[in-house]
Amino acid sequence: HVAQLILAHQTFGRRKSNSANDAAVLYLLERFRDWPIFLVFDYDSRESREPVKRLVEGAAQSMFAGLRLRKQDAPRHASVMARYRCHKAAEGGGVAYQEALEVVEILPRYYPLLIGTKNFMTQGKAANQLSALRFAGGHYIQMMDANMGASFGEACKVPLILRQFQPSAASPADRKQVRCRILGFREFIFTEQHGATGSIMASAEWSFGTICQRFLAGLDVRMHYGHPDFIDAFWASNRGSLSKASPAINLSEDIFAGFNARMRGERSEHSDMLAWEKGRESSFNAASQFFVKVSKGNVGVMRSRDLKILSERLNVVDNMSFYFASIAFYLNNWLIDLSIQIYILVFVLLTLASQSLEDVGELGSMLAAEWVISMGIIAMFPRFLELTLEYGYLEGFIKFVPSIPGIMAAFTFINKSIAAGVFEAMTTGEAKYIGTGRPNANTHYSWRECYFIHCQTHYYPALEVFMWYIIYSSLNVQRDTASLPMFFILGTAAVWLVAPIIFCPQPTFSSLYKDLGEFWKFVVATPKVSVQHMPNPVEKSLHTEDSQATLYEMWLLKELQQHKKTFHRMPPLVHAGTLFWNILILFMLVGLVPASVFPFVWYLFVAFCFHWVCMECWRQSHRPELLVFAAFAVTFILPIVVSAMSTESMSANLFLAFMVLVQGLEAAKCFVLLVVRLWLTPDANWTQMNNETRADFEKREKAKWSNKLYDVLVEFFYVNCLTYELHLCRALIITFINLTVQVVMVLLDAACGLHSCILLNSNLGSSLGCFSFRRAYRPGGGSNSERAGIGCGGVGGNGVGGGGGGSNSER
């Protein structure tokens, strides 16, 4: 055959896998049975279904007949390649594996396929690619995900493109001369028509896949940034495969193929003659999560041995180019995000030091000027340059200008996602695969989903920015001096708060009522029992992801996991350093704030004592929500009202006093937990201890008791030291913001469908009158609807070969 297609599907025929996926695979093999299409799957005699087990064992008996294998000597683990033979439905409507498939080749293995993140196992996607590579025997190979495709016209160019692997003067039969080992090309993002988010993601991918790749190839630093690049199959099969498979380091597994080629003195080229189809996320939350995943994978690149070796071998100029081609974009996003917080904090410190804006301006400092350029604006220029190259200046300008507001808002938010992903991966050392699910562009998502995804990365930092600016402006009002407006920084923080709701499709009054009720229940509800009465381990008893999840349990789980993980992984000296850092921040706050703040500290301390009493009554009286809100009102609302009635400046002093109180409570909590931790020495892995002997049983019970006591103490400080109330306060503010923004979106959609017209499709607003509502699409409403539903949720939607676990191979 000139070309061969291999469908790699690791979980085919497994007992725990979805049988509908297996049926979909057989449907594909049957539909294209006249073409050289093969199925590669992983075989495990203990995990595979009985029909698959009989199929593989029978093929092994015939293939290895010369070895005289007994039935018990059949391979326990193997990589299997099969092809379609005929399709006969089994009795009861199941899948007839033995009748449908014919085993072509078996590669026995001694060890099973280990996929996961624990104990440095294998990454699923890279392992799936390796399984396909074992059976690929052609000159060139192309790995593709289920979100890729090509038109017939582009496919006809492939022989010409493959000729570029060799120099133009070399003969086609001369395989000794090779120009490159990896050959990339352009990509056409077909999800560009799937709403505003799909268009924005397509613009980002298109810019990166054309102008950036072309530029990197010119600098001779182009790597392998994903599928569907062509790769020299013979070279890859004996020099490090197509990617690396460590789940901790190689989350972005594909770029390491480019590192491997560069370390071996080979090249990766780019061609503009070919364009492949590719689908990207078209839902806003999924798009944000995709960039978080990529940014965390880039931190894995920073920690890799490959980057160290390459940096040591390159000269200064090539190192700068290599930095631009690998980690520069993600690290730069994090540094710019960090500078926003430092920028506001510097002005707060200058104001506390009695230095006005005029004093700063007299020094000729750039700090006295407003920031104008942000990453949301800079990220638009590659697309504008590529549009002018593709369509000319006039048409490129016409295409570019209408997209400016949406791209600015989306990339302001997405750049924060990148920065948060980089920071989290650098501080925790963990980078896990995030399955975005790639929902449809018109799929409505809830406020609770937004909170789960963005609370730590966007919502909380935005609220901190506004808090610091309130302190800064209030201090200047108190001193009767001018303050910098900081329009762009405040606008950036506002985008972090409102962008998920603005880009949420199909806002209606019914969805508003549902989102508000669901999120309100999530915010105010608490478990009926405390940690003391929950079964061990406590972490499994908390509802954090299902429909019964609550704000209280979500953050309590994070508190428990944070304390146990950090103490288990880090020596006590590190925890002593954390305590010292908290005490140092407390003394810095006490030394920096003016004397007028300390009376507010005593007011807040009295309110905190009342809060302590309320929460103790709450704990003893079956946890009524009324007491929680009473404590919340006394701690947060009453001091604001009392301060507003006084003659002194309220906002700055109140916020600074509250920061001193909270930091003091944090230092006290850190000290007590450290002492108790050293005394109890709880073991988070007590469930894995042996209890065969009496001594082992007593040791296990002691560890169980220590963990339970420590969990009770963590919950006590979580409730009584304002940790839970701070999360509750932020959640209530986010609720008000979401409600306000979504009401506006509902009214815009009611006014001739303006919101859906801009966000999804211009046709949605043409046939609607003012304040008229359309019904949401529901599949199964007729023959046309049924056909549309089948088309939208076909084989790719069922996850065959997709979701990070599937890949195709061409040669």
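Considering each of Gln61, Gln98, Gln129, Gln72 in turn, give the residue that is assigned to a helix (DSSP H, G or I), of a type in the set (S, T, N, Q), more than 20 Å from Ala20 (Cα to Cα) and modelled with pLDDT under 70. Before the answer, list the steps.
Numbers: Gln61 fails: modelled with pLDDT under 70; Gln98 fails: more than 20 Å from Ala20 (Cα to Cα); Gln129 fails: modelled with pLDDT under 70.
Selected residue: Gln72, the only one of Gln61, Gln98, Gln129, Gln72 that is assigned to a helix (DSSP H, G or I), of a type in the set (S, T, N, Q), more than 20 Å from Ala20 (Cα to Cα) and modelled with pLDDT under 70.
Does segment 486-493 include one or more residues that are under 30 Å from Ser596 (Cα atoms), modelled with pLDDT under 85 and of a type outside the set (A, V, I, L, M)? Spell out how you get there, then give the answer.
Narrowing segment 486-493 to residues under 30 Å from Ser596 (Cα atoms): 486-487, 489-490, 493.
Going one step further and asking which of them are modelled with pLDDT under 85, we end up with none.
Scanning segment 486-493, I find no residue that is under 30 Å from Ser596 (Cα atoms), modelled with pLDDT under 85 and of a type outside the set (A, V, I, L, M), so the answer is no.
Can you give me the number of residues within segment 348-372 that are open to solvent by 70 Å² or more (accessible area, probe 1.4 Å) and in contact (Cβ under 8 Å) with a residue 24 or more places away in the chain? Spell out the reasoning first.
First pass over segment 348-372, keeping only residues open to solvent by 70 Å² or more (accessible area, probe 1.4 Å): 349, 354-355, 358, 362-363, 366, 371-372.
Next cut, in contact (Cβ under 8 Å) with a residue 24 or more places away in the chain only: 349, 354, 358, 371-372.
So the count comes out to 5.
Write out, first by first residue and then by second, each pair whose Cβ atoms fall under 7 Å of each other, whose residues are 6+ apart or on separate chains, and whose first residue, in segment 187-214, is closer than 19 Å to Leu760 by Cβ and open to solvent by 40 Å² or more (accessible area, probe 1.4 Å) while the second is among the hydrophobic types (A, V, I, L, M, F, W, C) and not in a helix (DSSP H, G or I).
His194/Ala441
Sort out for me the helices (runs of 4 or more DSSP H) sitting completely within segment 502-610 that have 2 or more residues that are modelled with pLDDT under 80 and surrounded by fewer than 17 Cβ atoms within 10 Å (Cβ to Cβ). It would help to see each step written out before you state the result.
On the way: elements: 509-524, 551-569, 572-592.
Because the criterion is at least 2 residues that are modelled with pLDDT under 80 and surrounded by fewer than 17 Cβ atoms within 10 Å (Cβ to Cβ), the helices (runs of 4 or more DSSP H) in segment 502-610 that meet it are 551-569, 572-592.
Testing Tyr451 on (1) surrounded by fewer than 20 Cβ atoms within 10 Å (Cβ to Cβ); (2) within 19 Å of the chain's Cα centre (by Cα), one condition comes back false. Which one is that?
Here Tyr451 clears every test but (1).
Within the bounds of segment 109-123, is there any residue that is at pLDDT 80 or above, in contact with a Gly (Cβ under 8 Å, 6 or more places away or on another chain) and either under 25 Å from Val52 (Cα atoms) or loosely packed, with under 15 Cβ neighbours inside 10 Å (or both)?
The answer is no, given that none of the residues of segment 109-123 is at pLDDT 80 or above, in contact with a Gly (Cβ under 8 Å, 6 or more places away or on another chain) and either under 25 Å from Val52 (Cα atoms) or loosely packed, with under 15 Cβ neighbours inside 10 Å (or both).
For a quick check of your reading of the model, give me the residue pairs whose first member lies in segment 475-493 and is free of Cβ contacts under 8 Å to residues at least 12 places away in the same chain, whose second is surrounded by fewer than 17 Cβ atoms within 10 Å (Cβ to Cβ), with beta-carbon atoms closer than 8 Å and at least 6 apart or on different chains.
none
Within segment 307-347, can you find the residues that are of a type in the set (Ser, Thr, Tyr) and either outside any helix (DSSP H, G or I) or surrounded by 15 or more Cβ atoms within 10 Å (Cβ to Cβ) (or both)? Before the answer, list the steps.
We begin by selecting, within segment 307-347, every residue of a type in the set (Ser, Thr, Tyr); these are 311, 321, 323, 326, 330, 339, 343.
Listed by number, the residues that qualify are Ser321, Tyr323, Ser326, Tyr330, Tyr343.
Name, by its number, the condition in (1) under 30 Å from Asn653 (Cα atoms); (2) in contact with a Pro (Cβ under 9 Å, 6 or more places away or on another chain) that does not hold for Tyr445.
All conditions are met except number (1).
Can you tell me which residue within segment 383-423, out of those that are of a type in the set (Asp, Glu) and within 18 Å of Ile189 (Cα to Cα), is surrounded by the most Cβ atoms within 10 Å (Cβ to Cβ)? Even if it seems obvious, please write down each step before you answer.
Of segment 383-423, the ones of a type in the set (Asp, Glu) are 386, 390, 395.
Among the residues that remain, those that are also within 18 Å of Ile189 (Cα to Cα) are: 386, 390.
Working: Glu386: 21, Glu390: 13.
Among those that are of a type in the set (Asp, Glu) and within 18 Å of Ile189 (Cα to Cα), it is Glu386.
Taking segment 278-306, which residues are within 14 Å of the chain's Cα centre (by Cα), farther than 24 Å from Glu386 by Cα and in a loop (DSSP other than H, G, I, E, B)?
Ser283
Consider Ala217 carefully, then state whether it is out of contact with any Pro (no Cβ under 9 Å at 6 or more places or on another chain), surrounded by fewer than 22 Cβ atoms within 10 Å (Cβ to Cβ) and more than 30 Å from Phe503 (Cα to Cα). Show your work before the answer.
Details: out of contact with any Pro (no Cβ under 9 Å at 6 or more places or on another chain): yes; surrounded by fewer than 22 Cβ atoms within 10 Å (Cβ to Cβ): yes; more than 30 Å from Phe503 (Cα to Cα): yes.
So Ala217 fits the description; yes.
Across segment 740-753, which residue is least open to solvent (accessible area, probe 1.4 Å) among those that are at negative phi and modelled with pLDDT under 85?
From segment 740-753, those at negative phi are 740-751; that's our starting set.
Narrowing further to those that are modelled with pLDDT under 85: 750-751.
Details: Ala750: 1, Ala751: 25 Å².
Ranking the candidates gives Ala750 first.
I'm told Phe152 meets every condition in (1) free of Cβ contacts under 8 Å to residues at least 24 places away in the same chain; (2) within 28 Å of the chain's Cα centre (by Cα) except one. Can you identify the failing condition by its number?
Every condition holds for Phe152 apart from (2).
All but one of (1) open to solvent by 10 Å² or more (accessible area, probe 1.4 Å); (2) in a helix (DSSP H, G or I) hold for Asn440; state the number of the condition that does not hold.
Just one mismatch for Asn440, condition (2).
How many residues are open to solvent by less than 10 Å² (accessible area, probe 1.4 Å) and among the aliphatic types (A, V, I, L, M) if we restrict to segment 277-306?
Residues in segment 277-306 being open to solvent by less than 10 Å² (accessible area, probe 1.4 Å) and among the aliphatic types (A, V, I, L, M): 4 in total.
Restricting to segment 237-277, what's the tally of residues that are part of a loop (DSSP other than H, G, I, E, B) and small (Gly, Ala, Ser)? Spell out the reasoning first.
Taking segment 237-277 as the starting set, the residues that turn out to be part of a loop (DSSP other than H, G, I, E, B) are 238-254, 264-267.
This time we only want the ones that are small (Gly, Ala, Ser), so: 240-241, 243, 245-246, 248, 252, 265.
Residues flagged as part of a loop (DSSP other than H, G, I, E, B) and small (Gly, Ala, Ser) within segment 237-277 amount to 8.
Leu475: open to solvent by 50 Å² or more (accessible area, probe 1.4 Å) and not in a loop (DSSP other than H, G, I, E, B), yes or no? Reasoning before the result, please.
Details: open to solvent by 50 Å² or more (accessible area, probe 1.4 Å): no; not in a loop (DSSP other than H, G, I, E, B): yes.
So Leu475 fails the test.
Which of the residues belonging to segment 207-232 are within 19 Å of Val316 (Cα to Cα) and assigned to a loop (DSSP other than H, G, I, E, B)? Before you say what the answer is, go through the steps one by one.
Keep residues of segment 207-232 that are within 19 Å of Val316 (Cα to Cα), which gives 215-223.
Listed by number, the residues that qualify are Leu219, Asp220, Val221, Arg222, Met223.
Find the residue count for segment 478-496, including only residues that are more than 18 Å from Thr351 (Cα to Cα) and either open to solvent by 20 Å² or more (accessible area, probe 1.4 Å) or not aliphatic (A, V, I, L, M) (or both).
Total meeting the criteria: 8.
Whether any residue in segment 229-239 is over 27 Å from the mean Cα position of the chain (by Cα), at pLDDT 85 or above, hydroxyl-bearing (Ser, Thr, Tyr) and surrounded by 16 or more Cβ atoms within 10 Å (Cβ to Cβ) is what I want to check.
There is at least one residue in segment 229-239 that is over 27 Å from the mean Cα position of the chain (by Cα), at pLDDT 85 or above, hydroxyl-bearing (Ser, Thr, Tyr) and surrounded by 16 or more Cβ atoms within 10 Å (Cβ to Cβ).
Which of the following residues is modelled with pLDDT of 85 or more and open to solvent by 20 Å² or more (accessible area, probe 1.4 Å): Gln688, Gln663? Explain how you work it out, then say what you get.
Values: Gln688 fails: modelled with pLDDT of 85 or more.
On inspection, the qualifying residue turns out to be Gln663.
The values are calculated or read from the model by the stated rules, or taken from the named source; none is laboratory data. Computed from a predicted structure; not experimentally measured. Here Cβ is always computed from backbone atoms with ideal geometry, including for glycine, and neighbour counts include all displayed protein chains. Ligands, DNA and RNA are stripped out before the accessible areas are found, and what is left, the full protein with its side chains, is counted by its heavy atoms. Shrake-Rupley method; radii C 1.70, N 1.55, O 1.52, S 1.80 Å.
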